Amino acid sequence: MDPRDRRLEADARKVRELVHQSDLIDAVAVGTTGGRPPEVWEVTYRCRGIVGKNPDESPIYGEYHRVRIELGRDYPRTPPAFQWLTPILHPNIEGREPNRVCIDQAHWQPGQHLDAVILMMGEMVQYKNYHAEDSPPYPLDREAAAWARAAQAVGHFSKSRPVDPRPLLRPEGAPPGTTEPVASAPRRVRILGASAPSPGTARPSRVRLKGDS
């Protein structure tokens, strides 16, 4: 087995362990053939997130979210490609085509496994992890970011009071169905953006995602 296949096998094992430890996350390998390790995943989150806004600008909540993850030929040297498949309103996920998620080559760490990225995106859905400020790092979806700043100002959510406070993983040893909010803060990652675009140039289309040191 070549190094890339060994990495894909390790990722598959970690993703399946993650699913086993969560009541809120499911992941299915797509299009596997010939006994090869998975290169495409579809991940489902069954946690509370924001899927749109009402005419009065209040959030529309949803509890079903899906993302497609493709591990390309140069993975893990290059990051996975993400496409969000369900409606979402989040500063760091594109709400329109091509529905990308904020991760890029510049801050991808090849040692970062797929299960950790799946957890990061789940915390983004829950609004535990987001960057809405119109300053470096810049949001990926600026229209959603402007809405999020206003929604935060009127108290719909905040980083200390997320949309869904539940942990994505059950406490170790807990049986299924026991996921409850906990007092301790969840593990967070920083969302880092590209530099401000120069006059006359296109704004970078992605926002970088980097873990805390």
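Somewhere in the stretch 6-20, is a residue open to solvent by 60 Å² or more (accessible area, probe 1.4 Å) and on the phi > 0 side of the Ramachandran plot? No, the stretch 6-20 contains no residue that is open to solvent by 60 Å² or more (accessible area, probe 1.4 Å) and on the phi > 0 side of the Ramachandran plot. Here is the figure for the stretch 34-73: residues that are within 17 Å of TYR130 (Cβ to Cβ), without any contact (Cβ under 8 Å) to a residue 40 or more places away in the chain and surrounded by 16 or more Cβ atoms within 10 Å (Cβ to Cβ) total 2.
Selection within the stretch 133-148: residues that are out of contact with any His (no Cβ under 9 Å at 6 or more places or on another chain) and either part of a loop (DSSP other than H, G, I, E, B) or of a type in the set (A, V, I, L, M, F, W, C) (or both). The member of this set that is surrounded by the most Cβ atoms within 10 Å (Cβ to Cβ) is TRP147.
Take the residues of the stretch 122-147 that are among the polar types (S, T, N, Q) and in contact with an Asp or Glu (Cβ under 7 Å, 6 or more places away or on another chain): which is farthest from ILE103 (Cα to Cα)?
Residues of the stretch 122-147 that are among the polar types (S, T, N, Q), as a first pass: 126, 129, 135.
So of that shortlist, the ones also in contact with an Asp or Glu (Cβ under 7 Å, 6 or more places away or on another chain) come out as 126, 129.
Working: GLN126: 18, ASN129: 14 Å.
Checked the stretch 122-147; the qualifying residue farthest from ILE103 (Cα to Cα) is GLN126.
Please verify whether the stretch 97-112 includes one or more residues that are within 20 Å of PRO165 (Cα to Cα) and under 11 Å from the mean Cα position of the chain (by Cα). Within the stretch 97-112 (the criterion being within 20 Å of PRO165 (Cα to Cα) and under 11 Å from the mean Cα position of the chain (by Cα)), the answer is no, since none of the residues qualifies.
For first residues located in the stretch 125-138 and farther than 13 Å from SER158 by Cβ, partners that are open to solvent by 40 Å² or more (accessible area, probe 1.4 Å) and outside any helix (DSSP H, G or I) and lie 6+ apart or on another chain with Cβ distances below 6 Å form the pairs PRO137/LEU192. The set of residues in the stretch 158-169 being closer than 14 Å to HIS90 by Cβ and either surrounded by fewer than 16 Cβ atoms within 10 Å (Cβ to Cβ) or in contact (Cβ under 8 Å) with a residue 40 or more places away in the chain (or both) consists of LYS159, VAL163, ASP164.
The values are calculated or read from the model by the stated rules, or taken from the named source; none is laboratory data. All of these numbers come straight from a predicted model, not from anything done at the bench. Positions of Cβ are backbone-derived with ideal geometry, glycine not excepted, and every protein chain shown enters the neighbour counts. SASA here: full protein model, heavy atoms, side chains in, ligands and nucleic acids out. Shrake-Rupley method; radii C 1.70, N 1.55, O 1.52, S 1.80 Å.
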